[in-house]
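Working notes, beginning with the structure itself.
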Amino acid sequence: MKLIVMGVLCISLMLLVYVVFRRKLGFGWLTVFGAHLALSALAIYVVNYTGIAAETYIPLNPMTIGTVMVLGLPGVALLVGLKITLLG
């Protein structure tokens, strides 16, 4: 099983490297990714420590930061809504 997973990961890595260098994407996408990552973490930090949503704490972990990276500021609202609705 580990061999199959390792094979899939190696093939995925080779295809990713192929796409990056074949389409001449370069490393500019890393800058955009890093900026989105930092701004997502900052948005969650602002919600946690300003008290915008009373008694609500959203943990800074890869899942929450990834949600905010993909959805933007509505992702923060989604996480706050889920926290209030599901976890009280």
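Angle of helix 73-87 to the longest C-alpha principal axis of the chain, folded into 0 to 90 degrees and rounded to 10: 60°.
Ignoring ligands, DNA and RNA, what percent of the 1.4 Å accessible area of the chain is carbon and sulfur? On the chain, the fraction of accessible area on carbon and sulfur atoms equals 77 percent. Helical runs assigned H by DSSP (4 residues or longer) give the chain a calculated mean residue ellipticity at 222 nm of -26500 deg cm²/dmol, each run adding -39500 (n - 2.57) before division by the residue total.
Fully extended, how many nm does the chain gain between Val17 and Ala77 (0.36 nm per residue separation, minus their Cα-Cα distance)? Mind showing how you got there, number by number?
On the way: separation 60, 0.36 × 60 = 21.60 nm, distance 3.50 nm.
In short, 18.1 nm is gained.
Read through the labelled values (i) 8.0; (ii) 8.7; (iii) 5.5 and report the label of the one computed as mean projected area of the Cα convex hull in nm² from the structure. For mean projected area of the Cα convex hull in nm², the calculated option is (i). Sequence-ordered 3J(HN,Hα) estimates for segment 46-60 from the Karplus curve with 6.51, -1.76 and 1.60 and θ = phi - 60° stand at 4, 5, 5, 9, 9, x, 4, 10, 4, 6, 10, 10, 9, x, 8 Hz, glycine and proline given as x.
Straightening the chain between Leu9 and Tyr49 buys 10.6 nm, computed as 0.36 nm per residue apart minus the Cα-Cα spacing.
Sequence-distant contacts, meaning Cα pairs under 8 Å at least 6 residues apart, place the relative contact order of the chain at 22 percent.
Extending 7 Å from the Cα toward the beta-carbon at both Val70 and Leu86 defines two label points whose distance is 1.3 nm.
Potential lengthening of the chain between Thr31 and Leu60 amounts to 8.4 nm, from the contour at 0.36 nm per residue minus the alpha-carbon distance.
The values are calculated or read from the model by the stated rules, or taken from the named source; none is laboratory data. Here the structure is a predicted model, which is why all the values come from computation and not from measurement. Cβ coordinates were reconstructed from backbone atoms using ideal geometry, including for glycine residues, and neighbour counts include every protein chain displayed. In case anyone asks, the SASA skips ligands and DNA or RNA and just uses the protein heavy atoms, side chains included. Shrake-Rupley method; radii C 1.70, N 1.55, O 1.52, S 1.80 Å.
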